[in-house]
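Novice: Just dropping this structure here.
The values are calculated or read from the model by the stated rules, or taken from the named source; none is laboratory data. Being a predicted model, the structure only gives us computed values, none of them experimental. Heads up, the Cβs are rebuilt from the backbone with ideal geometry, glycines too, and the neighbour counts pull from every protein chain shown. Side chains are part of the model used for accessible areas, which takes the heavy atoms of the whole protein and leaves out ligands, DNA and RNA. Shrake-Rupley method; radii C 1.70, N 1.55, O 1.52, S 1.80 Å.
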Amino acid sequence: MTVTDSPTTTGGVLGQRLLRKEDPALLTGEAKFTADLAIPGALHLALVRSPHAHANITSIDTSAAAAMPGVVAVYTGADLMDAWGAPMPCAWPVTEDMKNPPHYPLATESAKYVGDGVAAVLATNDTAARDAVEAVDVTWEPLEAVVDLEDSLADRVVIHPDLGTNRSYTWDLKVEAEEGAVDRAFADAAFTVSERYVQQRLIPMAMEPRAVAAVPQPFGGDITLYSATQIPHILKVMSALTLGIPEHQVRVVAPAVGGGFGSKLNVYAEELLCMALARKHAVPVRWNETRSENAQATIQGRGQIQHIELAADADGKVVAMRVRLLADMGAYLQLVAPGIPLLGAFLYAGVYDLPQAYDFSCTAVFTTLTPTDAYRGAGRPEATYAIERAMDALAAEIGVDPLELRRRNYIQADAYPYTAFTGLVYDSANHPQGADIAADLADYAGVRQRQTSQNVNGATKRLGIGVSSYFEMCGLAPSRVLASLAYSAGGWEAATVRVLPTSKVQVVTGSTPHGQGHETAWSMIVAHKLGVSPDDVDVLHSDTAISPLGMDTYGSRSLPVGGVAVAMACDKVIDKAAQIAAHQLEADVADLDFAGGAFTVKGSPDRSMPLAAIAFEAFTAHNLPDGLEPNLEAQVSYDPPNFSWPFGTHMCVVEVDVETGDVEVLKYVAVDDCGVQVNPLIVEGQVHGGVIQGLAQALYEEAVYDSEGNLKTSTLAEYMVPAASDVPPVTMGHSVTPSPTNSLGVKGVGEAGTIGAAPAVINAIVDALSGLGVRDVPMPASPFTVWKVINEARAGGSSDATDAAGTEVGDHEGVTARTTVGGGGDESTANEENGSTS
């Protein structure tokens, strides 16, 4: 049988810029988020949270709260200890000796961060519950907070006394062609650089705060959990284990979810408390997070101190690398937090042809701060930032243009598939091509020319351009590789494709969307494969009763794992349909062609049978081949043979006012390659959003704590999420290098923009100020921070404003100052052949 997919160019559906099917429901308010669900008789949960970053609980008096109107019950951590079958889960024990303190939904003896829950109030309405929280009388014995990573490493104050140390683990990856290769390379190098960078803590700030509703069945013990989560399938398994409930009695539903960025990739205390209390009271229990709770009790991202060293030969070829990370886990280990630095461990060499001379080590420590975990990019933005900043430092040391240095070190296109020094195989890429497209769109040569006249002594505004080339290891699969990294779950994904007797197609996917456009993209894949209209495809997801198999959405895995599973299920449907068509047409399967949604007999085009007719025949089962099951459907569980490897080059042009520290982004160019694009409109949306989040880390955002562990940026009045008026137009270009490891040739794209953006922006700022002696500008590069760096350089002091050992994490002066981001005119005009502007 010959199968011809719908064409991917003119006339085909794959590659078209179709509007998202999901949007009308969201725009009209028809979509229901967890907080919108009408649940009659539900009790409302509110938590008493610690006001101290580190304190012993001397006593908790709940009597006054319990007597308040509308209050049904008040529980302490000790009251609920018998509700837990196990502590809250950590699914990534990266080393055998990793220290993981038991973490329960409510603290019983001591609080370890501001926002740590210590008591739970149940009331008939949310207002009564929150009012009663204020009446719970907790007597505290404050202890010294630990907010600095290097202070934590010294074990001056041990946060979890039973562990005897603040170190959770040390994980090493050393690859040498022969013993001592790294040390010899550095000793013999013509050039070396040693850099220290800080990845500040970030608050994910999804548009929708978390929300939970647990609904028990009146008999039998079943319970349904509605949650604003990215991971209903994982949450089902983990909540069953934590609560000691048989898994088949747990159903998890993720209604419309307003963004996640990794913050909803977790098992949270509030989810478990709602389930436990709903079972205890035999009524529904719900909880809606406030924005301040979101800042304190939802995980935060990043939080690293990075030391990176590069050694290069006389031509600027990097010959060895050392990396030392200090990673902030916060007070406890969340679901996948220990593994986040490991995801970056394989990418500190970036897109460069590094020989077997690599020495990486990461030490993770506890602090008395909100726990950290995955945040958009999860380890890969951190790695890219370090190598791309270090490449600029090396270029300055050698005296060569940063883009030229990168070109000397890129892995060349003809080297792919490329086996890296780590043993991982990079599937496909063309870095020089992407860099050339980006340089053209950014007018790299023109900016360099303008710098010669603008960046002169006495100039108030200095021009800079920054480059960032990246690789992304995404898909979080195959499962065997995850096993080698001690990850507790697999990397597969499941899909079912069902052609209904009325010829409509139903898709059931285990990949759970929260803004990525799955319904549109999956419909397009099915249309491409089966020759139907995307409008005739219905995609079901996010409910473990409807989609019982799945590994959910994170790590840019939806399309290269979940989407490919859908395509493979379509192939199985076609194979089964071919048997029915051959039987009906009295032909051999080998003599059939399938194209445009119909089977024809080779050489006899008048003998044909459309898929719609086959689906009805499969439904009636009146005339099927012997032994063939009725109905036309297929299920696939797909475990990829490799990660997918999107890549790209970003460039940023800035102008820096040396008197005020104001940074104006004149132009931002993102050239990304995610293989075959199913829907370019969705791709551009993902890249654009990712770029803005990366730019936000570079210029605006930081979770600022004082020396006592109090979060000073707990609302959107203090935490500087950029508004639409703050962001520049993003000029987007692309190349298409199909992945050879899956049938669609696709790669992930959801995190690409975030990975490439921050180093491009900071490199541009440092480039603008390099003539003043500035070598580094810490993130976020607020006007105050930039002004401080400039004045330190002018005074002949350090040009690094980072004070990791200071009494306060972050600069308050930079919290409320906005950086100017704009541009227009010719600066936002795209090259029509390779790029577009949004």
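Novice: In the range 67-88, what count of residues is obtained for those that are farther than 26 Å from K236 by Cα and of a type in the set (A, V, I, L, M, F, W, C)?
Specialist: 6
Novice: Please list, ordered by first then second residue, the pairs with beta carbon atoms under 7 Å, 6 or more apart or interchain, first in the range 506-527 and in the same structural domain as D552 (by TED's automatic domain parsing) and open to solvent by less than 20 Å² (accessible area, probe 1.4 Å), second part of a helix (DSSP H, G or I) and polar (S, T, N, Q).
Specialist: What qualifies is S511/S558; H518/S558.
Residue-wise test of (1) open to solvent by 10 Å² or more (accessible area, probe 1.4 Å); (2) without any contact (Cβ under 8 Å) to a residue 12 or more places away in the chain; (3) among the hydrophobic types (A, V, I, L, M, F, W, C).
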{"residue": "V283", "(1), (2), (3)": "yes, no, yes"}
{"residue": "W287", "(1), (2), (3)": "no, no, yes"}
{"residue": "T290", "(1), (2), (3)": "yes, no, no"}
{"residue": "Q296", "(1), (2), (3)": "yes, no, no"}
{"residue": "G303", "(1), (2), (3)": "no, no, no"}
{"residue": "A312", "(1), (2), (3)": "no, no, yes"}
{"residue": "V319", "(1), (2), (3)": "yes, no, yes"}
{"residue": "R324", "(1), (2), (3)": "yes, no, no"}
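Novice: Okay, moving on. Which ones in the range 379-419 are open to solvent by 10 Å² or more (accessible area, probe 1.4 Å), assigned to a loop (DSSP other than H, G, I, E, B) and touching a residue at least 24 places away in the same chain (Cβ under 8 Å)?
Specialist: Scanning the range 379-419 gives V400, D401, Q412, P417.
Novice: Examine the range 455-465 for a residue that is touching a Pro at 6+ places or on another chain (Cβ under 9 Å), touching a residue at least 40 places away in the same chain (Cβ under 8 Å) and of a type in the set (G, A, S), and state whether such a residue exists.
Specialist: Within the range 455-465 (the criterion being touching a Pro at 6+ places or on another chain (Cβ under 9 Å), touching a residue at least 40 places away in the same chain (Cβ under 8 Å) and of a type in the set (G, A, S)), the answer is no, since none of the residues qualifies.
Novice: In the range 452-469, how many residues are open to solvent by less than 20 Å² (accessible area, probe 1.4 Å), of a type in the set (S, T, Y) and either more than 27 Å from the chain's Cα centre (by Cα) or under 15 Å from D657 (Cβ atoms) (or both)?
Specialist: Total meeting the criteria: 0.
Novice: Among the residues in the range 564-586, are any surrounded by 16 or more Cβ atoms within 10 Å (Cβ to Cβ), of a type in the set (A, V, I, L, M) and not in a helix (DSSP H, G or I)?
Specialist: So far as the range 564-586 goes, no, none of its residues is surrounded by 16 or more Cβ atoms within 10 Å (Cβ to Cβ), of a type in the set (A, V, I, L, M) and not in a helix (DSSP H, G or I).
Novice: Between a residue in the range 605-619 that is modelled with pLDDT under 95 and any residue that is open to solvent by less than 20 Å² (accessible area, probe 1.4 Å), which pairs come within a Cβ distance under 6 Å, given they are 6 or more apart or on different chains?
Specialist: R607/V601
Novice: In the range 22-52, how many are acidic (D, E) and open to solvent by 50 Å² or more (accessible area, probe 1.4 Å)?
Specialist: First, pick out the residues of the range 22-52 that are acidic (D, E): 22-23, 30, 36.
From what is left, the residues that are open to solvent by 50 Å² or more (accessible area, probe 1.4 Å) are 30, 36.
The number of residues fulfilling the criteria is 2.
Novice: Give the residues of the range 144-171 that are without any contact (Cβ under 8 Å) to a residue 60 or more places away in the chain and over 23 Å from Q200 (Cβ atoms), sorted by residue number.
Specialist: D155, V158, P161, G164
Novice: Also, quick follow-up: Are any of the residues in the range 456-468 touching a strand residue (DSSP E or B) at 6+ places or on another chain (Cβ under 9 Å), over 20 Å from A764 (Cβ atoms) and at pLDDT 95 or above?
Specialist: No, the range 456-468 has no match at all.
Novice: Separate question: Test D552 against the criterion of being acidic (D, E), over 16 Å from A569 (Cβ atoms) and not in a helix (DSSP H, G or I), and give yes or no. Spell out the reasoning first.
Specialist: Working: acidic (D, E): yes; over 16 Å from A569 (Cβ atoms): yes; not in a helix (DSSP H, G or I): yes.
So D552 passes the test.
Novice: Among (1) outside the structural domain of V13 (by TED's automatic domain parsing); (2) hydrophobic (A, V, I, L, M, F, W, C); (3) open to solvent by 10 Å² or more (accessible area, probe 1.4 Å); (4) touching a strand residue (DSSP E or B) at 6+ places or on another chain (Cβ under 6 Å), which single condition is V481 missing?
Specialist: (4)
Novice: Going by what's in this entry, would A64 be described as in the same structural domain as V283 (by TED's automatic domain parsing) and either under 27 Å from M238 (Cα atoms) or part of a loop (DSSP other than H, G, I, E, B) (or both)?
Specialist: Here the answer is no, as A64 does not meet what is asked.
Novice: Further question: Sort through V561, V532, V539 and tell me the only one that's within 30 Å of A613 (Cβ to Cβ), open to solvent by less than 20 Å² (accessible area, probe 1.4 Å) and modelled with pLDDT of 95 or more.
Specialist: V539
Novice: Mind listing whichever residues of the range 588-602 are touching a helix residue (DSSP H, G or I) at 6+ places or on another chain (Cβ under 8 Å) and on the phi < 0 side of the Ramachandran plot?
Specialist: Within the range 588-602, D588, V589, D591, L592, F594, A598, F599, V601, K602 meet the criteria.
Novice: With the requirement that a residue be part of a strand (DSSP E or B) and either over 24 Å from F360 (Cβ atoms) or open to solvent by less than 30 Å² (accessible area, probe 1.4 Å) (or both), what does the range 420-451 give you?
Specialist: Y426
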